[in-house]
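The values are calculated or read from the model by the stated rules, or taken from the named source; none is laboratory data. Quantities reported herein were computed from a predicted structural model and do not represent experimental measurements. Cβ coordinates were reconstructed from backbone atoms using ideal geometry, including for glycine residues, and neighbour counts include every protein chain displayed. With ligands, DNA and RNA removed, areas are computed over all heavy atoms of the protein, side chains included. Shrake-Rupley method; radii C 1.70, N 1.55, O 1.52, S 1.80 Å.
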Amino acid sequence: MTAAAALRPATPADYDAIAAVVDTWWGRPVLPSLPRLFLDHFHRTSLIASTDPGELAGFLIGFPSPSAEDEAYIHFVGVSPASRGTGLARGLYEAFFAIAREHGRHVVKAITSPVNEGSIAFHRRMGFTVGGPHPAYNGPGTTLITFERTLP
């Protein structure tokens, strides 16, 4: 984690700030992959990183799986372009790993698009096993990469 950003649990009210920047941060339309329901229902296990003046620096939307009792899932992570390369993403992941452990989870999973080479490289550095590409993962035309990491 960097000294420039502080982590806190997310709240449903954080959605509007995330929605306002997420497409810009990605450089393409990704907001449809992050509906409001994720912060309405999973805010207690999601994280917000903000700078001293309260500006959004990053976020992680994740939750313990209600169906796979040993797993947690990271649905969406974003770090502002100004905060990239500072260790903020690593700090968000490490904080989520602690949340997953608190909920008795020992495996964390995530997915991304094959074009997201930065995400694939980051997950490898974070110790995730990378799988795929998996054609039709979410139906026809949705090839995805999967990530899995066992927590110590």
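For the range 94-128, the set of residues classified as in contact with a helix residue (DSSP H, G or I) (Cβ under 9 Å, 6 or more places away or on another chain) and of a type in the set (Ser, Thr, Tyr) consists of Thr112, Ser113, listed by residue number. Scanning the range 2-13 turns up one or more residues that are open to solvent by 20 Å² or more (accessible area, probe 1.4 Å), assigned to a loop (DSSP other than H, G, I, E, B) and among the hydrophobic types (A, V, I, L, M, F, W, C). Within the option set His43, His75, being open to solvent by 30 Å² or more (accessible area, probe 1.4 Å) and within 17 Å of Ser119 (Cβ to Cβ) holds for one residue only, His75.
For the range 84-93, the set of residues classified as open to solvent by 20 Å² or more (accessible area, probe 1.4 Å), touching a residue at least 24 places away in the same chain (Cβ under 8 Å) and either out of contact with any Phe, Trp or Tyr (no Cβ under 9 Å at 6 or more places or on another chain) or within 16 Å of Arg8 (Cβ to Cβ) (or both) consists of Thr86, Gly87, listed by residue number. Taken residue by residue, the range 55-64 has at least one member that is within 24 Å of Gly118 (Cβ to Cβ) and open to solvent by 80 Å² or more (accessible area, probe 1.4 Å). Starting from residues that are among the small types (Gly, Ala, Ser) and without any contact (Cβ under 8 Å) to a residue 12 or more places away in the chain, keep the ones in the range 14-40 and report whichever is farthest from Ser113 (Cα to Cα). Per the criteria, the residue is Ala20.
With the structure loaded, tell me whether Ser67 is out of contact with any strand residue (DSSP E or B) (no Cβ under 7 Å at 6 or more places or on another chain) and at negative phi or whether it fails that test. Yes; evaluated as a whole, the condition is true for this residue.
Here is a yes/no grid of residues against (1) among the small types (Gly, Ala, Ser); (2) out of contact with any Cys (no Cβ under 7 Å at 6 or more places or on another chain); (3) outside any helix (DSSP H, G or I):
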{"residue": "Tyr15", "(1), (2), (3)": "no, yes, no"}
{"residue": "Pro29", "(1), (2), (3)": "no, yes, yes"}
{"residue": "Asp40", "(1), (2), (3)": "no, yes, no"}
{"residue": "Pro53", "(1), (2), (3)": "no, yes, yes"}
{"residue": "Ala68", "(1), (2), (3)": "yes, yes, yes"}
{"residue": "Ala89", "(1), (2), (3)": "yes, yes, no"}
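Could you go through the range 106-122 and let me know if any residue there is open to solvent by less than 30 Å² (accessible area, probe 1.4 Å), over 17 Å from Val22 (Cα atoms), among the small types (Gly, Ala, Ser) and not in a strand (DSSP E or B). No, every residue in the range 106-122 fails to be open to solvent by less than 30 Å² (accessible area, probe 1.4 Å), over 17 Å from Val22 (Cα atoms), among the small types (Gly, Ala, Ser) and not in a strand (DSSP E or B).
Suppose we filter the range 70-87 for residues that are touching a helix residue (DSSP H, G or I) at 6+ places or on another chain (Cβ under 8 Å) and within 14 Å of Ser50 (Cβ to Cβ); how many remain?
The number of residues fulfilling the criteria is 3.
Could you tell me whether the range 54-67 includes any residue that is touching a Gly at 6+ places or on another chain (Cβ under 7 Å) and either in contact (Cβ under 8 Å) with a residue 60 or more places away in the chain or closer than 27 Å to Asp16 by Cβ (or both)? The answer is yes, given that some residue of the range 54-67 is touching a Gly at 6+ places or on another chain (Cβ under 7 Å) and either in contact (Cβ under 8 Å) with a residue 60 or more places away in the chain or closer than 27 Å to Asp16 by Cβ (or both). Answer yes or no as to whether Thr129 is over 24 Å from Arg8 (Cα atoms), modelled with pLDDT of 95 or more, surrounded by 14 or more Cβ atoms within 10 Å (Cβ to Cβ) and out of contact with any Ser or Thr (no Cβ under 7 Å at 6 or more places or on another chain). No.
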